[in-house]
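Peer 1: Structure below; questions to follow.
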Amino acid sequence: MASIIAYLWLIPTAPLLAAGVAALLPRGRRGLSAGLAIGAISLSLVVSCAAFWATLHGGRATINFRWFDYGSTSVALGLVLDPLGAIMAVMVSLVSLLIFIYSLGYMAKDENFTRFFCFLALFAAAMLGLVIANSLLLFFMCWELVGLASYLLIGFWFQKPSAAAAAKKAFIVTRIGDLGFFVGMLWLYAKAGTLVFYDGGHGCLDGGVVLGAAATTISLLIFCGAVGKSGQIPLHVWLPDAMEGPTPVSALIHAATMVAAGVFLIARVYPLMTPEALQVVTWVGALTAVFAACIAVAQNDIKRILAYSTVSQLGYMMMGLGAGGVAVGMFHLTTHACFKALLFLGAGSVIHGCHEEQDIRNMGGLRKRMPVTFAVYAVGMMALCGVPLFFSGFWSKDAILDATHHWSVSQAPFYLGLLGAFLTAFYMTRQVCVVFFGKPATGAAERAHESPSVMTVPLLILAFLAVVAGFLGTPAWPWFKCYLEGGQAGFDLSKLVEEHQLRVMLLSTSLVAAAIFLGGWLYGRAPARPWRESDPLEAAQPAVFALLRHKFYVDEFYDATIVRLTAAFAKFSDWLDRAVWGGAVKAVCWVALVLARFSRGTDETVVNGGFDIGTETVRGSGEWVSRWQNGQVQRYLRVIALAFCGLLLVLLWGSQ
Amino acid sequence: MPNELAFLPCAVVTLAGAVAAMMLRNLVHCALCAAGAFAGLAALYLQLDAQFAGFAQLLVYVGAVAILIVFTIILTRGADLRPGAAATSPAPWVGLLAAGLVVACLIGCLVSSPSLNRLPAATADAPVKSIGEQLMNQYVMPLEAIGLLLTAALLGAVVIALREPPKSEPPTR
Amino acid sequence: MTTPLVHYLILAALLFGVGLAGALTRRNAVLVLLGVELMLNAANLNFIAFWRFGPHPENLTGVMVALFVIAIGAAEAAIGLALVIALYRHCRTAQLDRVASLKG
């Protein structure tokens, strides 16, 4: 452990350096930029795997350093190597590597290829830093950097106004959550005196810290950050709009990693979370899961469906964390990363093949034209739905349902989870049927071609992981749970057929089967007219369908209230700045100008004028006196004579 | 011993000559009247028992200075004043006033001063011998200075009045 | 009937005044010089009169001074008249009011 911890800093630093160099490269150096990014992330993967290997038997190692002093206290940052961080590091670097390779093909025709890889590397560096951070402050810094990278990548095609607006929306909405996170962090620092997680007994998670009555509030404030970043209601509105970014971005950031950072945050500070806070987490997660699943049923953009699916699955993760603990939530996070990234990349392949078409109603019959894509997409879809036994989603979702079933507070999340599972299976079936089955709806769909191997090979690797990862956490062999929480993982098949375990499994399986059947029946047949006009659900319940398609009008509600309020306040601030402060500055300027004018006037009239008058007087008097000297000698003589008389008189009278 | 009877005619002649010298239009007449005034003064000196001074006055003033003035009048053609041209410079009353004031002051002082009412000494003797002795003893410095002055004046007058070689610049007015 | 000193002095004063009036009034430069000579002579008369009416006539100061004044007056007349001649040559005139190039 000790030897690896010395190299832990390499994990985030290598991609950061790659991003730094790539930022300076000119647009033409595509190969160098991509090579640097992929090389760096490969190095991170290697070191992460070494770290993972070192933590296989549990344990924790930290390396802390003092950042700066102020007064008598100092602020410390640090890196931690423990199972939670190691598994996340491996997952993030592996998925990032596969998506980087995929982007080589997907973004090949884009002219800003170099900039794209620079931003991707920056994102990877920030995410990896977040994962191994041992200080809530370092965590927050990487959290913000991740938000920045997300903004840069969502708005990658910034010439599109919708993309620029989406980037702004993402940043601002997550900022609201980050504000709560920041306040909670400050409060924690005030109460605990340190933000370092594990510090040889003195860290805020080490157990020696007593937070008292403020613990729940602090936990909920930190949860605010997770709500924003992980797209729980009410701050979920940015995630669907974030689909404006390129598909690899959606896969990496908004499916596998960044949105999982919120879940990871709660997992990291789990020792701080009070039972009351965990209740709130569970409820929020449950509501989000169902809410987003409902909306996804009525969406027509291939990426939007997956985006709402992500929101829903994040709700599941929160539910798992709240009801079942760190292992349950993290297991679903890991499996979700694999199959959601797979689904997004598959969607990207479909979009690429259909020549940048994104509306599912314009696709159809792609099964025959893009067979590899269809196969991997089907694997991903079944993993997401939770088709039993061979697909990872089944095992992870089952763990969550099991945990909520045993939750002491209420059974409502369990039923909401079951409803969510039904809806998930339904909308995924709808999507797969409309996209891959039936007849092509447009010429573009008809001419669809398979993607190059640089794109399909990562898809195959992810599909393999989507199947295999599930076996790490089955009840028969709970390796994942024991890895994270300690304990020995024994292989015991009998655990599979334990009574309540089996009941939950059968219940979820039957719901999933029913949903797939319903979806297939409604959408599996080739339509008589294009789907645009003849969606069965829309025909059956047009009002409900419209409500769902418009996302329950949440965006419109926010626009009418908060956005309008903020805009009004901004206008007021502008007026204040311009009229009041600006007016004050202008008044000062005016006073200065008046003083200056007065000063100039004084200078010109009084000083200059005084001088002028003085010199004029002297000159004038001199001129007048000089007129006496007219050159006439006799005048001079006369003057002398008169002066002589005067002198004489003065002397005479003076002497008397 | 100056006698009133002898004084008055000489005084009248002197004064009349002086007035005429200053008032006549013809400059030569002026010069000649001035010579007369100088002569009258010489007579007054003689009355005052300063014989040497009187004869020196006659020699120098009447004999040299008056003649000099006549020569200058001739050389500067000032004698012929055109009829109608003014003999006096503009505003002559100012000069007359000034002179009148001076005279008034002087006479006022003279008349009001009691120390001037004195009688002369019985005899006064100014023999040439004494003058010569005094010139050589007490007044030797002034004598030499006068000699120098006269030399300088002589040379200076020659230089000033020398006809300059013709130059290209026009005469200034 | 000895004439008192005052008479001589009054005569000298009058002579001085006449000379001054002439010097201040007449246009011709020569006459100005003539007026100056008259003034000098008036002063001379003063000196001689004071010598004669003084308490110590054996002290020949008055006479000596008068002699010197005569000499100086002669020298000054010579120079002055030479100047008038030079002026006449330059300015073609001996009228003083025509020669005003030194005016201020």
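Peer 1: Which of the residues spanning the range A:407-441 are assigned to a loop (DSSP other than H, G, I, E, B) and either touching a residue at least 40 places away in the same chain (Cβ under 8 Å) or under 27 Å from the mean Cα position of the chain (by Cα) (or both)? Spell out the reasoning first.
Peer 2: Of the residues in the range A:407-441, the ones assigned to a loop (DSSP other than H, G, I, E, B) are A:407-411, A:437-441.
Matches in the range A:407-441: A:TRP407, A:VAL409, A:PHE437, A:GLY438, A:LYS439, A:PRO440, A:ALA441.
Peer 1: Just to be sure, is B:ALA53 in contact (Cβ under 8 Å) with a residue 60 or more places away in the chain, within 7 Å of chain C (Cβ to nearest Cβ), of a type in the set (A, V, I, L, M, F, W, C) and in a helix (DSSP H, G or I)? Quick ask: steps written out before the conclusion?
Peer 2: On the way: in contact (Cβ under 8 Å) with a residue 60 or more places away in the chain: yes; within 7 Å of chain C (Cβ to nearest Cβ): yes; of a type in the set (A, V, I, L, M, F, W, C): yes; in a helix (DSSP H, G or I): yes.
Yes: the conditions hold for B:ALA53.
Peer 1: Which condition breaks for C:HIS90 when tested against (1) in a helix (DSSP H, G or I); (2) over 22 Å from the mean Cα position of the chain (by Cα); (3) within 14 Å of chain A (Cβ to nearest Cβ)?
Peer 2: (3)
Peer 1: Give the range C:72-86 a look and list any residue that's crowded, with 19+ Cβ neighbours inside 10 Å and either over 25 Å from B:ARG163 (Cβ atoms) or within 14 Å of chain A (Cβ to nearest Cβ) (or both), or say none.
Peer 2: Once the filter is applied, which keeps residues that are crowded, with 19+ Cβ neighbours inside 10 Å and either over 25 Å from B:ARG163 (Cβ atoms) or within 14 Å of chain A (Cβ to nearest Cβ) (or both), the range C:72-86 yields C:GLY73, C:GLY80, C:VAL84.
Peer 1: Within the range B:100-123, can you find the residues that are hydrophobic (A, V, I, L, M, F, W, C) and either over 25 Å from the mean Cα position of the chain (by Cα) or in the same structural domain as B:GLN47 (by TED's automatic domain parsing) (or both)? Explain how you work it out, then say what you get.
Peer 2: Kept after step one, since they are hydrophobic (A, V, I, L, M, F, W, C), are these residues of the range B:100-123: B:101-107, B:109-111, B:116, B:119, B:121-122.
B:LEU119, B:ALA121, B:ALA122 - these are the residues of the range B:100-123 that are hydrophobic (A, V, I, L, M, F, W, C) and either over 25 Å from the mean Cα position of the chain (by Cα) or in the same structural domain as B:GLN47 (by TED's automatic domain parsing) (or both).
Peer 1: Here's something else I'd like to know. Answer yes or no: is there a residue in the range C:3-22 that is more than 7 Å from chain B (Cβ to nearest Cβ), within 24 Å of B:ILE74 (Cβ to Cβ) and either surrounded by fewer than 24 Cβ atoms within 10 Å (Cβ to Cβ) or touching an Asp or Glu at 6+ places or on another chain (Cβ under 8 Å) (or both).
Peer 2: no
Peer 1: Another question, if that's okay. Of B:ALA124, B:ALA64, B:ALA86, which residue is of a type in the set (A, V, I, L, M) and either part of a helix (DSSP H, G or I) or more than 8 Å from chain C (Cβ to nearest Cβ) (or both)? So that I can check it myself, show each step before the final result.
Peer 2: Details: B:ALA124 fails: either part of a helix (DSSP H, G or I) or more than 8 Å from chain C (Cβ to nearest Cβ) (or both); B:ALA86 fails: either part of a helix (DSSP H, G or I) or more than 8 Å from chain C (Cβ to nearest Cβ) (or both).
Within the list B:ALA124, B:ALA64, B:ALA86, the selection yields B:ALA64.
Peer 1: Go through the range C:43-56 and give me each residue that's among the small types (Gly, Ala, Ser) and surrounded by fewer than 24 Cβ atoms within 10 Å (Cβ to Cβ). Reasoning before the result, please.
Peer 2: In the first step, residues of the range C:43-56 are kept if they are among the small types (Gly, Ala, Ser); the result is C:43, C:49, C:54.
Correct list: C:ALA43, C:GLY54.
Peer 1: While we're looking at this one, here's another question. If you go through the range A:363-380, how many residues are assigned to a helix (DSSP H, G or I), crowded, with 21+ Cβ neighbours inside 10 Å and not aromatic (Phe, Trp, Tyr)?
Peer 2: Count: 5.
Peer 1: All but one of (1) exposed (fewer than 14 other Cβ atoms within 10 Å of the Cβ); (2) of a type in the set (A, V, I, L, M, F, W, C); (3) assigned to a helix (DSSP H, G or I) hold for B:CYS33; state the number of the condition that does not hold.
Peer 2: (1)
Peer 1: Please find, among B:LEU58, B:LEU97, the residue that is within 18 Å of the chain's Cα centre (by Cα), more than 7 Å from chain C (Cβ to nearest Cβ) and either surrounded by 14 or more Cβ atoms within 10 Å (Cβ to Cβ) or within 30 Å of C:ARG92 (Cα to Cα) (or both). Don't jump to the end; show me each part of the working.
Peer 2: On the way: B:LEU97 fails: within 18 Å of the chain's Cα centre (by Cα).
Being within 18 Å of the chain's Cα centre (by Cα), more than 7 Å from chain C (Cβ to nearest Cβ) and either surrounded by 14 or more Cβ atoms within 10 Å (Cβ to Cβ) or within 30 Å of C:ARG92 (Cα to Cα) (or both) holds for just one of B:LEU58, B:LEU97, which is B:LEU58.
Peer 1: Got a sec? Which of A:ALA560, A:ALA584, A:ALA567 is more than 37 Å from the chain's Cα centre (by Cα) and either of a type outside the set (S, T, N, Q) or not in a loop (DSSP other than H, G, I, E, B) (or both)?
Peer 2: Details: A:ALA560 fails: more than 37 Å from the chain's Cα centre (by Cα); A:ALA567 fails: more than 37 Å from the chain's Cα centre (by Cα).
It is A:ALA584.
Peer 1: Looking at the range B:1-26, which of its residues are out of contact with any Asp or Glu (no Cβ under 9 Å at 6 or more places or on another chain), touching a residue at least 40 places away in the same chain (Cβ under 8 Å) and over 15 Å from C:ARG52 (Cα atoms)? Give the derivation first.
Peer 2: Of the residues in the range B:1-26, the ones out of contact with any Asp or Glu (no Cβ under 9 Å at 6 or more places or on another chain) are B:3-25.
Checking which are touching a residue at least 40 places away in the same chain (Cβ under 8 Å) leaves us with B:3, B:6-7, B:25.
If the condition is that a residue be out of contact with any Asp or Glu (no Cβ under 9 Å at 6 or more places or on another chain), touching a residue at least 40 places away in the same chain (Cβ under 8 Å) and over 15 Å from C:ARG52 (Cα atoms), then B:ALA6, B:ARG25 are the ones that fit.
Peer 1: Of all residues being facing another protein chain (nearest Cβ under 7 Å) and part of a helix (DSSP H, G or I) in the range B:39-50, which is surrounded by the fewest Cβ atoms within 10 Å (Cβ to Cβ)? Just the residue, please.
Peer 2: B:TYR45
Peer 1: Among the numbered criteria (1) under 60 Å from the mean Cα position of the chain (by Cα); (2) within 14 Å of chain C (Cβ to nearest Cβ); (3) not β-branched (Val, Ile, Thr), which one does A:TRP590 miss?
Peer 2: (2)
Peer 1: Another question, if that's okay. From the list A:ALA383, A:ALA403, exactly one residue is within 27 Å of the chain's Cα centre (by Cα), outside any loop (DSSP other than H, G, I, E, B), in contact (Cβ under 8 Å) with a residue 12 or more places away in the chain and surrounded by 21 or more Cβ atoms within 10 Å (Cβ to Cβ). Which is it?
Peer 2: Numbers: A:ALA403 fails: within 27 Å of the chain's Cα centre (by Cα).
Answer to the selection: A:ALA383.
Peer 1: A further question follows. Does the range A:597-636 hold any residues that are among the small types (Gly, Ala, Ser) and closer than 30 Å to C:ALA100 by Cβ, and which are they? I'd like the intermediate steps shown before the answer.
Peer 2: If we filter the range A:597-636 for residues that are among the small types (Gly, Ala, Ser), which is where we start, we get A:599, A:601, A:609-610, A:614, A:620-622, A:626, A:631.
Passing the criteria: A:GLY620, A:SER621, A:GLY622, A:SER626, A:GLY631.
Peer 1: Can I ask one more? For A:ALA514, state whether it is within 20 Å of A:LEU423 (Cα to Cα), exposed (fewer than 15 other Cβ atoms within 10 Å of the Cβ) and at pLDDT 80 or above.
Peer 2: Values: within 20 Å of A:LEU423 (Cα to Cα): yes; exposed (fewer than 15 other Cβ atoms within 10 Å of the Cβ): yes; at pLDDT 80 or above: yes.
For A:ALA514, the condition - within 20 Å of A:LEU423 (Cα to Cα), exposed (fewer than 15 other Cβ atoms within 10 Å of the Cβ) and at pLDDT 80 or above - is met.
Peer 1: Within the range C:57-67, is even one residue more than 8 Å from every other protein chain (Cβ to nearest Cβ), out of contact with any Pro (no Cβ under 7 Å at 6 or more places or on another chain), surrounded by fewer than 22 Cβ atoms within 10 Å (Cβ to Cβ) and outside any helix (DSSP H, G or I)?
Peer 2: Yes, the range C:57-67 has at least one match.
Peer 1: May I pose another question? Test B:ILE131 against the criterion of being under 23 Å from C:THR61 (Cα atoms), surrounded by 17 or more Cβ atoms within 10 Å (Cβ to Cβ) and modelled with pLDDT of 75 or more, and give yes or no.
Peer 2: On the way: under 23 Å from C:THR61 (Cα atoms): yes; surrounded by 17 or more Cβ atoms within 10 Å (Cβ to Cβ): yes; modelled with pLDDT of 75 or more: yes.
Here the answer is yes, as B:ILE131 does meet what is asked.
Peer 1: Another question, if that's okay. Is there any pair with a first residue in the range A:60-89 that is in contact (Cβ under 8 Å) with a residue 60 or more places away in the chain and a second that is exposed (fewer than 13 other Cβ atoms within 10 Å of the Cβ) and in a strand (DSSP E or B) whose Cβ atoms are under 6 Å apart and which are 6 or more apart or on different chains, and what are they?
Peer 2: So the pair list comes out as A:VAL75/A:PHE68; A:ALA76/A:ARG66.
Peer 1: Just to be sure I understand, how many residues within the range B:93-137 are touching a helix residue (DSSP H, G or I) at 6+ places or on another chain (Cβ under 6 Å) and closer than 30 Å to C:ARG27 by Cα?
Peer 2: Number of matching residues: 11.
Peer 1: Within the range B:1-22, restricting attention to residues that are buried (at least 18 other Cβ atoms within 10 Å of the Cβ) and more than 8 Å from chain C (Cβ to nearest Cβ), which residue is nearest to C:ASN46 (Cα to Cα)?
Peer 2: Filtering the range B:1-22 for residues that are buried (at least 18 other Cβ atoms within 10 Å of the Cβ) and more than 8 Å from chain C (Cβ to nearest Cβ), the one nearest to C:ASN46 (Cα to Cα) comes out as B:CYS10.
Peer 1: While we're on this one: Scan the range A:109-124 and give yes if some residue there is out of contact with any Pro (no Cβ under 9 Å at 6 or more places or on another chain), assigned to a helix (DSSP H, G or I) and surrounded by fewer than 17 Cβ atoms within 10 Å (Cβ to Cβ), otherwise no.
Peer 2: Looking only at the range A:109-124, we keep the residues that are out of contact with any Pro (no Cβ under 9 Å at 6 or more places or on another chain), and these are A:109, A:111-113, A:115, A:117-119.
In the following step, the residues that additionally are assigned to a helix (DSSP H, G or I) were identified as A:113, A:115, A:117-119.
Applying the additional criterion that residues be surrounded by fewer than 17 Cβ atoms within 10 Å (Cβ to Cβ) yields none.
No; the residues of the range A:109-124 include none that is out of contact with any Pro (no Cβ under 9 Å at 6 or more places or on another chain), assigned to a helix (DSSP H, G or I) and surrounded by fewer than 17 Cβ atoms within 10 Å (Cβ to Cβ).
Peer 1: Still on this structure, please answer the following. Within the range A:1-71, which helices (runs of 4 or more DSSP H) (wholly inside it) include 3 or more residues that are modelled with pLDDT under 85? I'd like the intermediate steps shown before the answer.
Peer 2: Details: elements: A:2-5, A:10-24, A:30-54.
Per the criteria, A:2-5.
Peer 1: Across the range C:30-54, what is the total count of residues that are at pLDDT below 90 and more than 7 Å from chain B (Cβ to nearest Cβ)?
Peer 2: 1
The values are calculated or read from the model by the stated rules, or taken from the named source; none is laboratory data. Quick caveat, the model's predicted, so the values are computed rather than measured. FYI the Cβ positions are ideal-geometry reconstructions off the backbone, even for glycines, and counts take in every protein chain you see.
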